[in-house]
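The values are calculated or read from the model by the stated rules, or taken from the named source; none is laboratory data. Note that the structure is a prediction, hence the values are computed from the model and not measured. Virtual Cβ from ideal backbone geometry, glycine too; neighbours counted across all protein chains shown. Keep in mind that these areas ignore ligands, DNA and RNA; they rest on the heavy atoms of the full protein, side chains included. Shrake-Rupley method; radii C 1.70, N 1.55, O 1.52, S 1.80 Å.
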Amino acid sequence: MFAFLLVPFLGYLLGATIFNFFWDKAAPGDLSNATLVAVAKSCERQGPVALRGFGFYHECLVELRAKSGTTSTSTVTGWLGPSDIGEEYAAHTQRRSQVQPDERPQVFVGWLCTFVFAILFLLAWAKIAVPAFPERHQTLPDTPSTT
């Protein structure tokens, strides 16, 4: 049970932690060409364990200003924090109308580190899981001799 339920779940949480550490780094971006400008109004601390991995993150209420001048409010997760309240970030809407920053300077590093972690984790998981198989599945059966 440990090798097949708990270890993969812990691996997912560790991988998500590594990825989100880099994914949540945002730069203000070019505000003059932005389709949306996001300004954090308030933030609430979440964590310490979530589907995003281990550690704390912030869920912030943001005011969105479009180029047309209309404003609305939305919630963003992870890439803004209390230190960003009042700061302007170039943003856009992505899938499911989630607001994302225009610039994430460390995305490649996040993908690379997560990929390397995944390979190392799969090797370690195989080392843990192989002894859990019954002995009859670990070795090839002897071939009968024809004499």
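Just a few scattered comments:
- Packing-based ranking, highest mean first, of 9-15, 32-38 given that Cβ atoms within 10 Å are counted: 32-38, 9-15
- Rolling a 1.4 Å probe over the protein heavy atoms of the chain, with every protein chain left in place, gives an accessible area that is 63 percent carbon and sulfur.
- Each Lys or Arg adds one and each Asp or Glu takes one away; over the other residues whose Cβ falls under 14 Å from the Cβ of Ile85, this sums to -4.
- When shorter helices are ignored and each DSSP H run of at least 4 residues is given -39500 (n - 2.57), the per-residue value for the chain at 222 nm works out to -9500 deg cm²/dmol.
- Entry for log10 I(q)/I(0) by the Debye sum over Cα atoms at q = 0.10, 0.11, 0.12 Å⁻¹ (calculated from the structure that is shown) out of [x] -0.38, -0.44, -0.51; [y] -0.50, -0.56, -0.63; [z] -0.31, -0.38, -0.45: [y]
- Using a probe of 1.4 Å, the accessible surface attributed to Glu59 totals some 70 Å² when neighbouring protein chains are kept in position.
- Cβ-based net charge around Glu103, under 15 Å, with every Lys or Arg adding one and every Asp or Glu removing one: -4
- Largest first, the residues Trp111, Trp125, Trp79 sort by 1.4 Å accessible area into Trp111, Trp125, Trp79.
- Electrostatic tally near Asn20: other residues with Cβ closer than 12 Å to its Cβ, Lys and Arg +1, Asp and Glu -1, net +2.
- Cα-centre dipole for segment 73-124 with unit charges at Cβ (Lys and Arg positive, Asp and Glu negative), debye to 20: 340
- Counting only Cβ charges, +1 for Lys and Arg and -1 for Asp and Glu, the dipole size of the chain around its Cα centre is about 240 debye.
- Relative contact order (percent, whole number), the chain, Cα cutoff 8 Å, 6+ residue spacing: 28
- Accessible area per residue, Å², the chain with all protein chains present, probe 1.4 Å: 67
- Absence of a disulfide-compatible partner, taken as no other cysteine beta carbon within less than 4.7 angstrom, is noted in the chain for Cys113.
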